[in-house]
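Have a look at the structure below, then the notes.
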Amino acid sequence: MPSAGDRILLVENDPEISDLIARQTLRSVGYRVEVVPDASSAIKLALQTPPDLIIADLNIPGLSTKDLLYALNSQGVHTPVMVIANKGQDHDIIQAFRLGASDYIAWPSRDAEVLSAVEHVLQRVQEGRDRQRLGKQVTDINHELQRTVRELTAIINIGKAVISITDQRVLFQKIVDGAGHVAEANMAWLLVRDQESRAFLLTAQRGLPEVWAKKLNMPMDDGVSSLVAVSGETLAMAGDPLQQFRIAKLGKSVCVVPIKVQAEVIGLLIVVRREARPFSKTEQTLLEAVSDYASISLVNARLFKILNDTVQAVRESEKRQNAVLEALRNSVSEELKTAIYPVEVLLAGKSGPLSEEQKQALQTTRSALQHLEHAAGKIAPPVPITLKKK
């Protein structure tokens, strides 16, 4: 069946043949047919707007149909060509097939035979188009699946890094690299809010020019990030709207994602493309997932710092307590030694003879003082607290 889009170019200088094929046979069933008398005109039209089918008489004067086939092939026009040949022109038909002809009509022919041949060729054309379209769809689906796998792999790797890497510098670089990968961005960087100054500091970057990259661990204002720091919402811009911002010097498309703890923005993740290709909703969602991982890592770092500061305070308190305990122990030991000395003098009889009851009492006193001295020497300081990173 003819399609509304089927255009046929007939190259025929014989009015009777062109009328039979074009008006009586093809146009009557709905095909759009344009008739030209020579190959030169056909080549010009085919190059401008290639038709769905060309029907050309092998016996037209001037530039031949074989020249037409050669010209179309050399110009990369892949429109199928049917040739009209008189009976006995088998050699010319074979040459036409060698030059790329799709089919032929032996003349004279009835209108039903012409229509059948045309429909047969156009059906093959449609099948070829369907195959190309299906092949393109399969290729597009494969590319999309491969991209999805890459994106998911990047997200999974970031998740693994968050729970396994304790070095924040390495972890932040992993996050920035992952963001640039999933967003197919030329540049990416991470800004983290300093708790004391409240300024956003450049913490990690990928692909930034040297003049920007040298601001590592310093405040950096690209003109767009500050808007997101206030709004707390992801912002994507591309093209002319970016020209009013400083970040336009880096690229023509940008996406800024806030890193939040509850409603507080504690960091910003920025990706930039040099071309004005906007970041899709899917890419923004993936960047927000990366941002969530960054938030987890920053919260973990803050909690560890608080815990570490607490442990350090406890350790300082223990040192002070131990110093006091050591001083007390030394003082008690000295006092006990002082107390034992006169008892020893009395037991030695240097102050005069002692009765048995006095000796027994002094010996008991000496033993008690020696026991206290020994016990004081055994007082141990508390076991220190040790903080380990997992």
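The values are calculated or read from the model by the stated rules, or taken from the named source; none is laboratory data. Since the structure is predicted, the reported quantities are computational estimates derived from the model, not experimental observations. Glycine also receives a Cβ, built like all others from the backbone with ideal geometry; neighbour counts cover every protein chain displayed.
Just to be sure before I move on: is residue 313 loosely packed, with under 12 Cβ neighbours inside 10 Å, in contact (Cβ under 8 Å) with a residue 24 or more places away in the chain, under 50 Å from the mean Cα position of the chain (by Cα) and within 30 Å of residue 199 (Cβ to Cβ) in the structure I sent?
no
Is at least one residue of region 189-201 exposed (fewer than 13 other Cβ atoms within 10 Å of the Cβ) and either within 22 Å of residue 252 (Cα to Cα) or under 21 Å from the mean Cα position of the chain (by Cα) (or both)?
No, that holds for no residue.
Here's the yes/no breakdown for (1) assigned to a helix (DSSP H, G or I); (2) free of Cβ contacts under 8 Å to residues at least 40 places away in the same chain; (3) assigned by TED's automatic domain parsing to the domain that holds residue 68:
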| site | (1), (2), (3) |
| --- | --- |
| 88 | no, yes, yes |
| 94 | yes, yes, yes |
| 101 | no, yes, yes |
| 113 | yes, yes, yes |
| 118 | yes, no, yes |
| 122 | yes, no, yes |
| 137 | yes, yes, no |
| 140 | yes, yes, no |
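Determine if region 186-197 includes at least one residue that is small (Gly, Ala, Ser), in the same structural domain as residue 281 (by TED's automatic domain parsing) and within 23 Å of residue 278 (Cα to Cα).
Among the residues of region 186-197, at least one is small (Gly, Ala, Ser), in the same structural domain as residue 281 (by TED's automatic domain parsing) and within 23 Å of residue 278 (Cα to Cα), which makes the answer yes.
Say whether the condition of being in contact (Cβ under 8 Å) with a residue 12 or more places away in the chain, outside any helix (DSSP H, G or I) and within 19 Å of residue 261 (Cβ to Cβ) is met by at least one residue in region 182-190.
There is at least one residue in region 182-190 that is in contact (Cβ under 8 Å) with a residue 12 or more places away in the chain, outside any helix (DSSP H, G or I) and within 19 Å of residue 261 (Cβ to Cβ).
If you take the residues of region 164-186 that are more than 19 Å from residue 229 (Cβ to Cβ) and aliphatic (A, V, I, L, M), which of them is farthest from the chain's Cα centre (by Cα)?
Step by step, filter region 164-186, then rank; the result is 165.
Consider residue 88 against the criteria (1) on the phi > 0 side of the Ramachandran plot; (2) touching an Asp or Glu at 6+ places or on another chain (Cβ under 9 Å); (3) of a type outside the set (Phe, Trp, Tyr): it satisfies all of them except one. Which criterion is unmet?
It fails just one condition, (2).
Hey, can you tell me all the residues within region 228-253 that are in a helix (DSSP H, G or I) and either under 23 Å from the mean Cα position of the chain (by Cα) or not aliphatic (A, V, I, L, M) (or both)?
Hits for region 228-253 are 228, 229, 231, 240, 241, 242, 243, 244, 246, 247, 248, 249.
Among the residues in region 234-243, are any of a type in the set (Val, Ile, Thr) and touching a residue at least 60 places away in the same chain (Cβ under 8 Å)?
No; the residues of region 234-243 include none that is of a type in the set (Val, Ile, Thr) and touching a residue at least 60 places away in the same chain (Cβ under 8 Å).
Looking at region 282-293, can you tell me whether even one residue there is more than 22 Å from residue 150 (Cα to Cα) and either surrounded by 20 or more Cβ atoms within 10 Å (Cβ to Cβ) or in the same structural domain as residue 160 (by TED's automatic domain parsing) (or both)?
The answer is no; no qualifying residue exists.
Within region 32-81, which residues are touching a residue at least 40 places away in the same chain (Cβ under 8 Å) and either of a type outside the set (Ser, Thr, Tyr) or part of a strand (DSSP E or B) (or both)?
51, 52, 53, 54, 55, 56, 57, 60, 61, 68, 80
Taking the condition assigned by TED's automatic domain parsing to the domain that holds residue 26 and closer than 18 Å to residue 20 by Cβ, does residue 105 pass?
The answer is yes for residue 105.
For residue 84, are the conditions met, namely being in the same structural domain as residue 17 (by TED's automatic domain parsing), outside any helix (DSSP H, G or I), in contact with a Leu (Cβ under 8 Å, 6 or more places away or on another chain) and modelled with pLDDT of 85 or more?
In short, yes.
For residue 265, which of the numbered conditions (1) in contact (Cβ under 8 Å) with a residue 12 or more places away in the chain; (2) under 16 Å from the mean Cα position of the chain (by Cα) fails to hold?
With (1) in contact (Cβ under 8 Å) with a residue 12 or more places away in the chain; (2) under 16 Å from the mean Cα position of the chain (by Cα) applied to residue 265, the lone miss is (2).
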